Structure formats: structure tokens, C-alpha cells
Amino acid sequence: MERSLVLIKPDAIQRSLAGQIISRLERKGLKIVAMKMLHMDKDLAQRHYAIHKGKAFFDDLVTFITSSPLIAIVFQGENAVQIIRQMMGETDPAKALGGTIRGDFGIDVGHNLVHGSDSPQNACQEIDLFFSAQEIFDYDRDLDTWVY
Ligand code: DAT
Ligand code: MG
């Protein structure tokens with residue numbers, strides 16, 4: 001079953017939107033298999049966003065993501081990566097459709113509330129950065145007979 005790394009970013013925590021964002025993903029039918037709160041340090045931020053190194057916004061992105069605690073979650077489900085990307089909306093909240101997390105709650109690209117992996121392969125790498133194997137839970141939910 002596919003997994004995606006979701007970060008409830010510092011702006012979402014500061015704005016008390018964590019519960020609403022997690023709730024949307026949970027109600028969709030996605031299963032939480034790992035979750036922790038942490039304050040990302042510069043080293044972890046640079047590794048997580050390594051693909052963006054050298055871009056004009058990279059330093060601001062690292063400063064923002066390390067500015068305050070966040071919540072890291074692994075969601076599991078069929079097509080979890082694509083489903084979460086759709087529910088997040090476009091990177092720039094100004095362009096994100098209503099009904100998406102960024103479209104409903106954000107204005108500025110530098111404060112777009114949530115991260116979700118962009119491919120199953122990147123999801124595996126990102127999950128490894130944040131969680132050990134023992135921190136990821138393998139369990140059954142009775143309701144999955146009604147989700148699938
Ligand atoms: P996404 O988070 O939708 O996967 P991304 O991987 O292209 O987007 O970029 C990572 C983060 O960097 C994004 O969530 C917000 C920030 N960012 C991206 N493009 C930006 C830009 N043009 N100006 C400022 N910040 C930007
Ligand atoms: Mg990305």
C-alpha cells in the first residue's frame with residue numbers, strides 16, 4: 001500500500017489549523033501510520049529540500065521550515081501520493097482551487113501550510129528522513145472494508 005510523507009508546516013501549527021488539515025486527510029479514508037511533532041533543524045531541512053538547493057527561494061524556505069515546530073505524518077492508502085497532492089492544491093495558494101487545503105487556508109507561496117510527497121519513490125526517501133522503521137505502525141482498521 002502506498003505511503004506519503006505529510007508535513008503540517010509551522011504556519012499551520014501557528015494558525016491552529018493542524019487539526020483541520022489532518023482531519024481532511026483522515027476523513028478521506030487515508031490511514032495514519034506514523035506521526036510526530038518536531039522542530040526541524042537546518043541539516044534536516046536542507047536534506048528534505050535538497051532538490052531545491054540553488055533556487056532563489058531556498059534560503060527563505062529553510063528559514064521558514066525551521067522557524068517553529070511542525071508535525072510530520074505518514075499517511076497510507078491506495079494512490080496516497082496523488083490523492084494528497086490533489087487535496088493540498090497547487091504550490092502557490094493564490095492559484096490553488098477552493099476546496100483544497102492551500103486554496104482554502106493560504107495566500108502566500110512561502111506559507112502554504114502543508115507538504116506532501118510528489119512521487120512514491122520520493123515518499124520512501126522522505127519518510128526515511130523523518131521516521132525509523134519502528135516508528136511506522138502496521139495495523140488493521142475495521143473501516144477499511146468500507147473504504148475499499
Ligand atoms: P510543493 O510543496 O507543492 O511540492 P515545491 O516542491 O516546488 O512545491 O517547493 C517546495 C516549497 O518551496 C513550496 O511548498 C513552497 C516553496 N516554494 C516553491 N516555489 C516557491 C517560490 N517561487 N517562491 C517562494 N517559495 C517557493
Ligand atoms: Mg515538492
Selection from the stretch 97-107 of residues that are in a loop (DSSP other than H, G, I, E, B) and either touching a helix residue (DSSP H, G or I) at 6+ places or on another chain (Cβ under 9 Å) or touching a residue at least 60 places away in the same chain (Cβ under 8 Å) (or both): Leu97, Gly98, Gly99, Thr100, Gly106
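Rundown of residues vs (1) surrounded by 14 or more Cβ atoms within 10 Å (Cβ to Cβ); (2) not basic (Lys, Arg), yes/no style:
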{"position": "Ala34", "(1), (2)": "yes, yes"}
{"position": "Thr63", "(1), (2)": "no, yes"}
{"position": "Ile73", "(1), (2)": "yes, yes"}
{"position": "Ala96", "(1), (2)": "yes, yes"}
{"position": "Ser119", "(1), (2)": "no, yes"}
{"position": "Ile127", "(1), (2)": "yes, yes"}
{"position": "Arg141", "(1), (2)": "no, no"}
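If I ask for residues that are assigned to a loop (DSSP other than H, G, I, E, B), of a type outside the set (A, V, I, L, M) and within 15 Å of ligand 2 (Cβ to nearest atom), which ones from the stretch 108-120 would you list?
Asn112, Ser117, Asp118, Ser119
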Would you confirm whether any residue within the stretch 17-24 is under 19 Å from Tyr139 (Cα atoms), within 13 Å of the chain's Cα centre (by Cα), buried (at least 17 other Cβ atoms within 10 Å of the Cβ) and small (Gly, Ala, Ser)? no
Candidate set from the stretch 48-59 (those that are in a helix (DSSP H, G or I) and within 15 Å of ligand 2 (Cβ to nearest atom)); member that is surrounded by the most Cβ atoms within 10 Å (Cβ to Cβ): His48
Could you tell me whether the stretch 77-84 includes any residue that is within 16 Å of ligand 1 (Cβ to nearest atom), part of a helix (DSSP H, G or I) and surrounded by fewer than 11 Cβ atoms within 10 Å (Cβ to Cβ)? no
Count of residues meeting criterion [over 10 Å from Ile71 (Cβ atoms), hydrophobic (A, V, I, L, M, F, W, C) and assigned to a strand (DSSP E or B)] in the stretch 1-47: 4
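Just so you know, all these numbers are worked out from the coordinates, no wet-lab data involved. Since the structure is predicted, the reported quantities are computational estimates derived from the model, not experimental observations. Note that we place each Cβ from the backbone using ideal geometry, even for glycine, and neighbour counts take in every protein chain shown.
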